[in-house]
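Q: Dropping the structure in here first, questions after.
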Amino acid sequence: MATTIDLGWANGWPTGPDGDDVQPEIVQKCRAAGHKTTDVDCGPPNRGLDHQVRCDTCGYVYHYDSSD
């Protein structure tokens, strides 16, 4: 079974000069390749406090908090 790399919380990724998050290289390459990712709201329901994004092709997972 393949190991999944946990990239932690995207809200904690460094911010670049334009104010956007600097994505890890594995995420940049994944998006450039057009891989399908899953984005699951892990709850509490409809609060946006814990989303989990996963790419099974690249083998990574990360979380983000979309709440205000």
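Q: Which of the residues belonging to segment 7-38 are within 13 Å of Val61 (Cα to Cα) and either basic (Lys, Arg) or in contact with a Lys or Arg (Cβ under 7 Å, 6 or more places away or on another chain) (or both)?
A: Residues satisfying the conditions are Lys36, Thr37, Thr38.
Q: Take the residues in segment 8-37 that are surrounded by fewer than 11 Cβ atoms within 10 Å (Cβ to Cβ) and within 13 Å of the chain's Cα centre (by Cα), then tell me which one is modelled with the highest pLDDT.
A: Checking each candidate, the answer is Lys36.
Q: Looking only at residues that are within 14 Å of the chain's Cα centre (by Cα) and part of a loop (DSSP other than H, G, I, E, B) in segment 58-68, which one is modelled with the lowest pLDDT?
A: Going through the qualifying residues, I end up with Ser66.
Q: So if I check each of Lys36, Lys29, which one is out of contact with any helix residue (DSSP H, G or I) (no Cβ under 9 Å at 6 or more places or on another chain) and free of Cβ contacts under 8 Å to residues at least 24 places away in the same chain?
A: Lys36
The values are calculated or read from the model by the stated rules, or taken from the named source; none is laboratory data. Here the structure is a predicted model, which is why all the values come from computation and not from measurement. Cβ: placed from backbone, ideal geometry, glycine included. Neighbour counts: every protein chain shown.
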